[in-house]
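A.B. asks: Submitted below is the structure of interest, expressed as structure tokens.
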Amino acid sequence: MDHAILQGRLMFNMRPQSATTRQESEMINKAQRAIHSTTDSIEKLRLLCLARGANGILGLGRVFRRMDEDGNKKLNHEEFKTGLEETQMELGVDEINEIFQKFDTDEDGNISVDEFLIGIRVSFLV
Ligand SMILES: [Ca+2]
Ligand SMILES: [Ca+2]
């Protein structure tokens, strides 16, 4: 095969990353760096979600569903704790308890999808 054609094909195949992919990996990098400098446990959880590419409502919804073992769309304390431990979120038991209490705004002992999303996004907006 002609060398120029081969080179052209290679260049064609090496399409540059799309803007969204680039922004996403930048965001992931930024989140990973920020995790170690934050002392706020909810901020840390949010960054951990971001660092795993769980951006926006859909990504956070996936995180939630993964933790909701019995599928009742609520996370009890056990599911929340186990879920965070399994995803190797670098959070201590105290931090997990603190987050759980802050997220469970109606204090029924469960974190609903809404409470989860609001909890994470509120700390993001503050
Ligand atoms: Ca559940
Ligand atoms: Ca609740």
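The values are calculated or read from the model by the stated rules, or taken from the named source; none is laboratory data. Just so we're clear, the structure is a prediction, and the values are computed from it rather than from any experiment. Neighbour counts are summed over all protein chains in view; Cβ atoms, including those assigned to glycine, are modelled from backbone coordinates with ideal geometry.
A.B. asks: List the residue pairs whose Cβ atoms are under 9 Å apart, where the first residue sits in the range 93-112 and is farther than 13 Å from L45 by Cβ, the second is polar (S, T, N, Q) and assigned to a loop (DSSP other than H, G, I, E, B), and the two are 6 or more positions apart or on different chains.
C.D. replies: Hits for this filter: N110/N72.
A.B. asks: Can you report the number of residues in the range 58-87 which are within 23 Å of D108 (Cα to Cα), within 10 Å of the chain's Cα centre (by Cα) and away from ligand 2 (no atom under 16 Å from the Cβ)?
C.D. replies: Of the residues in the range 58-87, 4 are within 23 Å of D108 (Cα to Cα), within 10 Å of the chain's Cα centre (by Cα) and away from ligand 2 (no atom under 16 Å from the Cβ).
A.B. asks: Out of the residues in the range 35-86 that are in contact (Cβ under 8 Å) with a residue 12 or more places away in the chain and of a type in the set (G, A, S), state the one that is nearest to S112 (Cα to Cα).
C.D. replies: G61
A.B. asks: Shifting gears a bit: Restricting the range 51-80 to residues that are crowded, with 18+ Cβ neighbours inside 10 Å and more than 11 Å from ligand 1 (Cβ to nearest atom), which is modelled with the highest pLDDT?
C.D. replies: For the range 51-80, the residue satisfying everything is V63.
A.B. asks: Anything in the range 92-113 that is surrounded by fewer than 19 Cβ atoms within 10 Å (Cβ to Cβ) and more than 9 Å from ligand 2 (Cβ to nearest atom)? List them, or say none.
C.D. replies: G92, V93, D94, E95, N97, E98, Q101, K102, V113
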